[in-house]
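Colleague: Pasting in a structure now, in structure tokens, and then I'll have a few things to ask.
Each reported figure results from applying straightforward, stated rules to the coordinates on display, with no laboratory input. Remember, it's a predicted structure, so these values are computed and weren't measured experimentally. Counting neighbours? That spans all protein chains shown, and the Cβs are built from the backbone with ideal geometry, glycine included.
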Amino acid sequence: MIDKRKYSLAEALEGISDGAVVMIGGFGAVGQPDALVDALAEIGPRDLTVIANNAGWSRETGIPRLMDLGLVRKIICSFPKGSEVFKSLYLAGKIELEIVPQGTLAERIRCAGAGIPAFYTATAAGTQLEKGKETREFDGRRYVMERALPADVALIEAWAGDRWGNLSYQGSGRNFNPVMATAAKLTICQVHELLDAPLDPNAIVTPGIFVNRIVQVKADSDRLIAAQRLA
């Protein structure tokens, strides 16, 4: 069986090129693969399209750091408001934004992983967000067609993984990470616990077939406390 363990962040991120579409897991501060994202900032691929739940907060780490370094051309997310970095870049016309309602974002990603090219949803019908999209009426209600949202790369976080890439999550860390794992050509996961022995099959949420590379990172105690409170 294939050993998917990598022993450095640089090795895990090898081959990500300019112009890549990169999914970044997490919900708020929980389940974000910050170590991978910060390492990606050091590597410095440019003109990235980032798909994430939100645009982050602190400019010193995570998605705002990528934006602050001028590496992000476009962000597709549900909540950009909290990021002052994004706000300043957007008002200056230096970054593109596609707002997607949160449930629609999750479903577009899930569909990409399931091989479903598009679906209809009533969310955003009759709003500015339906502009340029196909609409259709079902049983007297207006629906908007949304296309699947695949990526070149998914950067995700799990609590534990084994050498074959099987993953389990803890508490609220099981958010966008599992669906993003299925929707990218290359899925890279950071874990707190990396096991040499196989995970208990009953604990596996993301099967290793969806994971290409896995790397262990040191746990951040503040983030672990936050995850436990939200669990």
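Colleague: Enumerate the calculated ³J(HN,Hα) couplings along region 172-178 in order (Karplus 6.51 cos²θ - 1.76 cosθ + 1.60, θ = phi - 60°), each rounded to whole Hz, writing x wherever the residue is Gly or Pro.
Modeller: Per residue, the Karplus-derived 3J(HN,Hα) values read 6, x, 8, 10, 7, 4, x Hz.
Colleague: How far, in degrees from 0 to 90, does helix 221-230 lean away from the longest principal axis of the Cα atoms of the chain, to the nearest 10?
Modeller: For helix 221-230, the angle is close to 50 degrees.
Colleague: Given R₀ = 35 Å, FRET efficiency for E193-T123 by Cβ-Cβ distance, to 0.05?
Modeller: With a Förster radius of 35 Å, E is 0.40.
Colleague: For the pair F79/A92, report the inter-label distance in nm, with labels modelled 7 Å from Cα in the Cβ direction.
Modeller: Taking the simple label geometry, F79 and A92 are separated by 2.6 nm.
Colleague: Could I ask something else about it? Per-residue ellipticity at 222 nm for the chain, helices alone: DSSP H runs ≥ 4 residues times -39500 (n - 2.57), over residue total, nearest 500 deg cm²/dmol?
Modeller: After summing the helix terms and dividing by the residues of the chain, the value is -7000 deg cm²/dmol.
Colleague: Note down the magnitude of the dipole of region 75-136 about its Cα centre, charges +1 on Lys and Arg C-beta and -1 on Asp and Glu C-beta and zero elsewhere, to the nearest 20 debye.
Modeller: 20 debye
Colleague: What fraction, in whole percent, of alpha-carbon pairs in the chain exceed 27 Å separation?
Modeller: Beyond 27 Å sits 33 percent of the P(r) for the chain.
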